[in-house]
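Here's the structure, in structure tokens; my notes come after.
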Amino acid sequence: MNKIEITNELAGVTVAALLRRHYPARSWSAVRKMVAGRRVRLNGDLCLDAARRLQVGDTVDILDQPLPKLPARDDIVIRHLDRHVVVVEKPAGIPTVRHPAEHDWPVQRKALVPTLDDLVLGQILQREKSAHKGKRPRLRIVHRLDKETSGLVVFARTAEAERGLGSQFKKHTVIRRYLAIVPGHFASRRIESRLVRDRGDGRRGSSAHPGLGKAAVTHVEVVEQLPGLTLLSCRLETGRTHQIRIHLSELGHPVCGDKVYRGRPGETPLADASDAPRLALHATELGFRHPVTDESMHWSMSLPTDLRNFLERLRGQRANQMDRSRS
């Protein structure tokens, strides 16, 4: 693997142009095939857009082997669908929604970088062809999961549902529970702080000043002790951006696989020796009142294959340790 840091000299060039500089003997067609073949990573994420312009500080990895394919429309599991809401299972590796700067991209370019709302809407249109002649529906965002987080997500389909769900999120009555795997031994507790957009190093975090930021409360329970790690159940009372990751990291237990939140600002980032396949965070439970019918609704989703295999590997290590202690 080759890693290239984008400096002032390279800022503004496209991914394809960067590859041509790095491999001058290869044609434009050849470097575009490298991108299409999932062999380029931009800032740690798969890049399929050869026309993407690079900025100072970006990191481009040129890989020896292709990365796994991104989810397609039919890979998304819809758990509930009606006129007003849709609940889906989000896989890791795709954003919940598109960044505002990407809204004007051509359809072909958007298809290279799929988002959950695009894929879900495509599946809904496929299911409800006859119902949408002459008009294209849209999904309304009421919450989101981080790109590398998997789990349950709800979208509103009507303005009425958007208002109703938005009110429930604001009142903190929506049930949201996550599973997280963290290093070390952790004790069940309630975590409360005030989160700000910049904790002093350009990242979100807790403020030591009572009047700053927004209140954030996370309830954490220990599910299982593993060799050097702990499986946690985290219930959100509030739902601030990156809340669970920040709270656990600031206590010295960053979520396994987290590349951003690895401790307090000004301190040496904590190393990650877990060998987690990705961010070990999964939205396992979602519940709310239907925003129109007021029916109580609830779903749960087990760990996806990558995190389940990671957990089973850790359990196997624990079993081996117990066997050795008996012998």
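The values are calculated or read from the model by the stated rules, or taken from the named source; none is laboratory data. What you see is a predicted model; the values in this text were computed from it and never measured. Please note: Cβ atoms are built from the backbone with ideal geometry, for glycine as well, and neighbour counts cover all protein chains shown.
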Considering each residue of region 173-198, count those that are over 21 Å from the mean Cα position of the chain (by Cα) and touching a residue at least 60 places away in the same chain (Cβ under 8 Å), and give that number.
4
I'm checking my understanding of the structure. Among residues of region 237-288 that are polar (S, T, N, Q) and part of a loop (DSSP other than H, G, I, E, B), which one is modelled with the lowest pLDDT?
T268
Only one of (1) in a loop (DSSP other than H, G, I, E, B); (2) over 15 Å from the mean Cα position of the chain (by Cα) does not apply to L311, and that is (1)
In this structure, is F186 aromatic (F, W, Y), in contact with a His (Cβ under 7 Å, 6 or more places away or on another chain) and under 22 Å from S150 (Cα atoms)?
no
Return yes when V182 is loosely packed, with under 13 Cβ neighbours inside 10 Å, on the phi < 0 side of the Ramachandran plot and of a type in the set (A, V, I, L, M) and no when it is not.
no
Meets criteria (of a type in the set (K, R), surrounded by 14 or more Cβ atoms within 10 Å (Cβ to Cβ) and in the same structural domain as T158 (by TED's automatic domain parsing)) for R308
no
Of R204, R190, R197, the only residue that is loosely packed, with under 15 Cβ neighbours inside 10 Å, closer than 30 Å to A161 by Cβ and either touching a Pro at 6+ places or on another chain (Cβ under 7 Å) or of a type in the set (K, R) (or both) is R197
Can you go through S167, S193 and tell me which one is in the same structural domain as H209 (by TED's automatic domain parsing), assigned to a strand (DSSP E or B) and over 28 Å from P277 (Cα atoms)?
S193
